[in-house]
1. Rounded to whole Å, give me the distance from the Cα center of segment 449-469 to that of segment 224-253.
2. Based on Cα positions only, what radius of gyration and what Dmax would you give for the chain, in angstroms?
3. Could you provide, to the nearest whole Å², the per residue accessible area of segment 304-422 with probe 1.4 Å?
4. Rounded, prolate or oblate: which fits segment 414-518, taking a ≥ b ≥ c as square roots of the Cα gyration tensor eigenvalues, rounded meaning a/c under 1.5, else prolate when a/b beats b/c?
5. Against the longest alpha carbon principal axis of the chain, how many degrees, from 0 to 90 and to the nearest 10, is the axis of helix 726-761 turned?
6. Under a Cβ-only charge scheme (Lys and Arg +1, Asp and Glu -1), can you give me the dipole magnitude of segment 466-534 about the Cα centre, in debye to the nearest 20?
7. What chymotrypsin sites (Phe, Trp or Tyr not before Pro) in segment 210-313 are in a loop by DSSP, with at most 14 other Cβ atoms within 10 Å of the Cβ?
8. So, by mean Cβ neighbours within 10 angstrom, what's the order for 501-509, 567-575, 536-544 with the highest one leading?
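The values are calculated or read from the model by the stated rules, or taken from the named source; none is laboratory data. Because the structure is a prediction, the values reported are computed rather than measured. Using ideal geometry, Cβ is built from the backbone for each residue, glycine included, and neighbour counts are taken over all protein chains shown. These area figures cover heavy atoms from the full protein model, side chains too; ligands, DNA and RNA do not enter into them. Shrake-Rupley method; radii C 1.70, N 1.55, O 1.52, S 1.80 Å.
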Amino acid sequence: MAKEKKKTELKISGMTCSMCSSTIEKSLASLPGVQKAQVNLGNELASVEYDPAQVKLTDLEKAVKDVGYGTINEKVILRIGGMTCVMCEKTITEALSQLDGVVSVSVNLSTEKTTVMYNPRMVGLADMKKAVEDAGYQYLGVEGEENLANKVREKDLREKRLRIYIGFLVGIPLMILMYVHPYLSMELVSYISLILSTPAFLYISFPIFRAGYHALRNKSLTMDVMYSMGIGVAFSASVLGTFEVVLTREFLFYETAVLLAAFLMLGRYLEAKAKGKTSDAIKKLAGLQVKHAIVIRDGQEIEVAIEDVIVDDVMLVKPGGKVPVDGVVIQGESYVDESMVTGESLPVVKNQGHNVIGGTLNTNSVLQVKATKIGKDTLLAQIIRLVEEAQGSRPPVQRIADTAVSYFIPVVLTIALLSFLIWYFILGNTLLFSLSTLISILVIACPCALGLATPTAVTVGIGRGAELGILIKNGEALEVSEKITTIIFDKTGTLTKGKPEVTDIVGITMNETVVLEKAASVEKNSLHPLAEAIVKKADAQGLFIHDTSGFDTFAGKGVQGMVDGTLVLIGNRLLFREKNILVSSETEEMLLKLETKGKSVMLVAFDSQLVGLIALADVVKETTPSAMKQFKDLGLKLVMITGDNARTAQAIAQQIGIEVVRAEVLPQDKAKEVKKLQDAGEVVAFVGDGINDAPALAQADVGVAIGSGTDIAIESGEIVLVKSDLLDCVAAVQLSRKVMSRIKQNLFWAFAYNSALIPVAAGVLYRFGILFRPEFAGLAMALSSVTVISLSLMLKNYVPPAREVKQHGNRPDL
């Protein structure tokens, strides 16, 4: 029998020459089951023929990655309808994972979205749609197709409402009929109940039976299987009792079966409504996106679709209108409300040269804005993408629930069966009573609350963060943020404004003007904030900036260059020591005086001779002292890290209330300082502006990148602050703690509910006269999930205490 053979193509990244393609071919060919591997350097595709029984797509990708290259897959977010419990997540994951070409699947029950990484050359959306529908769920389209998803969701809610109404309209009269039956013959009651209940029961319970059938067909045990068993046993026993086949007319559960199905549907209806609200933050952000823009082309104002706006287009933004895309103001002055993106409550004045964010509201005057970022590159698009990905992630605490759920249904089925056997065969109770306990256990058990406890809180919490200008990139960052013990702050641009100004110029053996002129001529080649300040000072004094040759930098120490035949060196003590340039004791005294005032001092040398000093000061942000106080109130240790000398660093640290300082640390050594604290047992957060901070942000347990407007460092850190304000950093920690606290509350209630009510349904309190009627067990089940979701939804209105301080003024003495 010939072996099955499959062929696929992998998109490869990182190839630069024919040796690269040869290396990948060898790695792929070495796998057992690979019959042929051919790599085309030109189109960067690897064609592989393989035996799927011996090797999988993930093995092929690993072989490529193991030799130092990457594979490029596509990602799609699917909207799925009909998910009701964690076992549904598992069913959909398995259904999609079985498709050839699907690399990974991540299902989020609370947002009803599934993120799929796939090879588009092997599998397409049509295949995914079929797999989802074959598994018994609704394919609602791809993320972004809001209209389709909303229409399907509204239709589903309408159908659920109708089923609930019918359930109660039929179930309540049936219950009354069962209580008045002493005045009627049991035979008549049973036939009336059968006629009334059958069409209602079949209509109400059809979605439950259908979902249970699909689950069994896919060899999966879901809650729908258990609910189908519970309501199916109740109704079947009633029919058998009506016709007195095996059972007597004592076994009439018609009202129980109908009300039970109605309560199950009520639970799903409330859950669907509540789950829809967990993604309100994303919907609000998406609603900010502008559909049209007025652009000025050839002197004419014309309205165009937002897709037709291009970079460098000049847009006209009228009062009351939204800024279409990110840009820079070139004419006009107005107050712009950025609260919906940055969380900043007060409108911000914008005039020529200021950056504006797409989606923000122009309040009182006309602005002309030149477009700088469009489409997926705008801040709003980045935020929406980041938040969607984050909401689909899971913090490690979710593993507790996942583990519990994996054992839940088999354990509950065992308890239900044992309860029936013990009550009937061992304790000798009636078949009616034993059957009632069996049904009650099947319908009261609910892992849905466990499955929803974490994702709903993460979804709402991350969405709330986005509304506050705090972008949390994944659920793990939430959990780690709660455990932080130490926070390290980069000084420049984080604790300070990052815009230093020259305060003193000291000529030692040379005129001050010459020192500044030649230093500025060299520094104009650097983008460092200190360099920009020196150039700005020279411009302000009207000095001539010379051309420079041989420009060189010494990371974290200084720069040098040739100006009119003179080798000009500008840097710190460490650089001058390395270059063996003598610094006299008198100069050291001048340095000490300047540094104790919190100023950074640059030494200037011409042809290896010290000729002068340039002192610069960076202003501490207004909110920094208040933020440091609040961090201390949270019980966190604070550390400042800087390339400045110890005296300058200590002066600034004392000003803002930080005791521990790591001074004269080179950019490349910041990560080592983080590692030292981690080795000492600290859980470390690093807060920086993303400039020279990437290794430290990556090394820290949580990296917090603070940004300014549209320049947020999305790639840096697990938490990104849209505004460059440390009170938002305090708010991020407070929000993380609140979300984790809510997750723990949710898990507690979910575990407590099942731990307390399953034994009651099994009859352990029967001797005290307490027993659940099956229909009330169904109501309790419905309320458990709704309780957990409602607790999560309360996060929508959470205001971190730090934001309250911000709203009531930023006085440093707070």
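1. Spelled out, the Cα-based centre of one part sits 41 Å from the other.
2. 33.8, 119
3. With the other protein chains kept in place, segment 304-422 gives 44 Å² per residue.
4. Here segment 414-518 falls in the prolate category.
5. Once rounded, the angle reads 20 degrees.
6. Taking the Cα centre of segment 466-534 as origin, the dipole is about 80 debye.
7. Phe243
8. The packing order, highest mean first, is 567-575, 501-509, 536-544.
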